[in-house]
Amino acid sequence: MKKAVVLVIDGVGDLPTPKTPLQAAKKPNLDQLAAEGITGLLSTVGRGVVPGSDTSHLRIFGYEPKICYPGRGPLEALGIGIDLHEGDVAFRANFATINDGVVVDRRAGRIDTATASALSTLVPNSIEDVEIIFKNSVEHRGALVLRGSGLSRCVSETDPHAKEKMPLCEPEDDSPEAEKTARIINKFTEFVYAALSKAPENKKREAKGLPPANVLLLRGPGMFSSVPSITERFDIKGACIAGGALYRGVAKFIGMDIFLAPGATGDRHTDLKAKGNAAVKALETYDLVFVHVKGCDSFGHDGDFNGKTKMIERIDKELIPILMKTGACIVVTGDHSTPCSRKEHSGHEVPILLFAKDERSDKVKKFDEISCMEGGLGHITGKHVMPIILNTMEKAKKYGS
Ligand code: ZN
Ligand code: ZN
């Protein structure tokens, strides 16, 4: 059996203005992999579908989001290290500042992680018969989990996403479960506001003229329901190297183990060599290693063509050579396009390359959106990715006799 590394460059696909960042970047290593391997174009979720990062990653790794997508909240909660039980309802959470019920700062001045940790101790552990689990992650971010009977994911968010009045949580269907969940969340918000407003950390912030972190805004509700792991489904052990909580969460959801790489920050300053070295280490004991790099997506959202191009050049220089030395099959692709001209995700295909020793090659010499149109993998969708990888790893099961 061969081992595999799957590098997902988040949001790498783009549109030509007149070149795409992949076309403009100097990336001899990625181009060498494309020249020696086989390439194509990938629509992760479906042709023309504009994917979120969570649904697209699920699809790349062989899971149908229409069936198993639990919502963003549970994936974030898993990603920051909360163990979820069947039926848990989870939200993404932000420390924020409200004044007279109006959200004046959605990130509470981007409070530092230490302050957020201190404030987290004031969050209640239960309301009525429901257990409350809150964990802060980086800066103002965190996740909230409700655990108990009779809960529902069908409730509204309390994050207004703009400077306006913080809404109450409302049930989104007529079920007693949604009614109960909304009631618990509203009691939670009231409790948290009262506790945080009195917190010494916030009094200190106010004395310095800084916005107090006096509320938690909730969004992305979802209910956790487990899925068969990749080990159960494909008989392989998977590891994930990612800085961002969402990607770690997706990996944990499908049964991968999380490898920590020091300096893998999940942003544009991430230490790519540390990620490469963590991948080398993970390959000693795991069959498939998923490496995630976020920066290109962020530059795409900012409309920063040069930043995105330079990030690709950094990946090529700092990460790819380490992966090339491993001898594993290498898959490089994106989860979706984030064109700088649109500053948003789009439904355009992303290039994909597969390089492995003694495998087929095509005539494509460069790794970019246009060159890979001619590639030997053709146009594939997310559901094809794992079967192609498993076949290359010699782990595909025979269909028939
Ligand atoms: Zn993405
Ligand atoms: Zn994005």
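Please treat every number below as a calculation from the coordinates, not as lab data. Owing to the predicted nature of the structure, the values given are computational and were not obtained by experimental measurement. As a convention, Cβ positions derive from the backbone with ideal geometry for all residues, glycine included, and neighbour counts pool all protein chains shown.
What the table below lists for this structure:
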{"item": "Cut-off under 5 Å, modelled amide H: who pairs with I98 long-range", "result": "V104, N214, V215"}
{"item": "Charge dipole (segment 76-223, unit charges on Cβ, about Cα centre) - positive-most of N214, G150, I80", "result": "N214"}
{"item": "Inter-site label distance for E344 and I67 at 7 Å from Cα along Cβ, in nm", "result": "3.1 nm"}
{"item": "Folded to 0 to 90 degrees: helix 272-285 orientation relative to the chain principal axis, Cα", "result": "80 degrees"}
{"item": "Separation between Cα centres of segment 228-250 and segment 331-401, rounded to whole Å", "result": "19 Å"}
{"item": "Point-to-point label distance, E128-K2, nm (Cα→Cβ direction, 7 Å offset)", "result": "5.5 nm"}
{"item": "Segment 70-86 - phi-based ³J(HN,Hα) in whole Hz, Karplus 6.51/-1.76/1.60, Gly and Pro as x", "result": "x, x, 5, x, x, 5, 5, 4, 4, x, 9, x, 8, 7, 9, 10, 3"}
{"item": "S341 long-range amide H proximity, modeled H, under 5 Å", "result": "L15"}
{"item": "Distance (nanometres) between label positions extended 7 Å along Cα→Cβ at V104 and H269", "result": "2.9 nm"}
{"item": "Student exercise, segment 76-223 dipole from Lys, Arg, Asp, Glu Cβ charges, in Debye to nearest 20", "result": "840 debye"}
{"item": "Cα pair distances of the chain binned at 10 Å [whole percent]", "result": "5, 22, 30, 23, 14, 5, 0, 0"}
{"item": "Efficiency of FRET between K281 and A162 - r from beta-carbon atoms, R0 45 angstrom, step 0.05", "result": "0.55"}
{"item": "Structure-based [θ]222 nm, the chain - -39500 (n - 2.57) summed over DSSP H runs of at least 4, per residue, nearest 500", "result": "-9500 deg cm²/dmol"}
{"item": "Rounded to the nearest 20 debye, dipole of segment 224-354 from Cβ charges on Lys, Arg, Asp, Glu", "result": "240 debye"}
